[in-house]
Amino acid sequence: MQHRHANMPFHRFRRWNGRYFERHVVTESIRLFHPGGSCPDEKGSVRMHVAHITGIFEVLVYRCRCHRAGVGSERLLPRQLMRHAMVAGTTDNTQISWSFSVAFLDNWLAMTHYSKASMMDFWSATWFNTTGIPPERVRLTQSAYI
């Protein structure tokens, strides 16, 4: 299953653990420009949260720094994310910790435009897709705000 879904990092599956079905993520890393392999000039990764229509994922993003990335601004992480249909959550190249898939943004646009859903309703649905728990059932403690 992992082999068949290797190029689909935002897929989830459920696996029986003996008591209930656990949610699992197919992959925990994304390699920009080098699917399935590492960049010859790889110098580390960035831990990033990615919002997609199937939920929120915490992944390691390995960016390309070799000749395939181009020169100058072509090597910046926001440009490389855009080539993979993701939009950086900020324009600061050094502080990117969130990105949003184009499918997520298209879905948000359609939901707010046609169904008049609020941003909170849309985010609640995203939370449910991520955890399987309705947001109203989650109890926040003081430590959740820290």
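Would you kindly identify the strands (runs of 3 or more DSSP E) lying entirely within the stretch 1-59 that contain at least 2 residues that are modelled with pLDDT of 75 or more and surrounded by 15 or more Cβ atoms within 10 Å (Cβ to Cβ)?
Details: elements: 12-16, 21-25, 29-31, 46-52.
Of the strands (runs of 3 or more DSSP E) lying wholly inside the stretch 1-59, those with at least 2 residues that are modelled with pLDDT of 75 or more and surrounded by 15 or more Cβ atoms within 10 Å (Cβ to Cβ) span 29-31, 46-52.
Among the residues of the stretch 98-117, is there at least one that is among the β-branched types (Val, Ile, Thr), over 18 Å from Leu32 (Cβ atoms) and within 17 Å of the chain's Cα centre (by Cα)? Write out each step before concluding.
Step one: filter the stretch 98-117 for residues among the β-branched types (Val, Ile, Thr), giving 102, 112.
Those left that are additionally over 18 Å from Leu32 (Cβ atoms): 112.
From what's left, within 17 Å of the chain's Cα centre (by Cα): none.
No - not one qualifying residue is present in the stretch 98-117.
Scanning the stretch 83-133 for residues that are among the hydroxyl-bearing types (Ser, Thr, Tyr) and not in a loop (DSSP other than H, G, I, E, B), we see that the one that is nearest to Cys64 (Cα to Cα) is Ser99. For Thr94, the criteria (1) farther than 25 Å from Thr131 by Cα; (2) of a type in the set (S, T, N, Q); (3) modelled with pLDDT of 75 or more hold in every case but one, which is (3).
Being at pLDDT 70 or above and surrounded by fewer than 16 Cβ atoms within 10 Å (Cβ to Cβ) is the filter; apply it to the stretch 68-86 and report the residue that is farthest from His52 (Cα to Cα). Give the derivation first.
So the first thing to find is which residues in the stretch 68-86 are at pLDDT 70 or above, and the list is 76-86.
Pick out the ones that are also surrounded by fewer than 16 Cβ atoms within 10 Å (Cβ to Cβ) and you get 82-83, 85.
Values: Met82: 14, Arg83: 16, Ala85: 11 Å.
This residue is Arg83.
Considering the stretch 99-120, the residues that are surrounded by 14 or more Cβ atoms within 10 Å (Cβ to Cβ) and farther than 11 Å from His52 by Cα include one that is modelled with the lowest pLDDT, namely Ala117.
The values are calculated or read from the model by the stated rules, or taken from the named source; none is laboratory data. All of these numbers come straight from a predicted model, not from anything done at the bench. With ideal geometry, Cβ positions are generated from the backbone for all residues, glycine too; neighbour counts draw on all protein chains shown.
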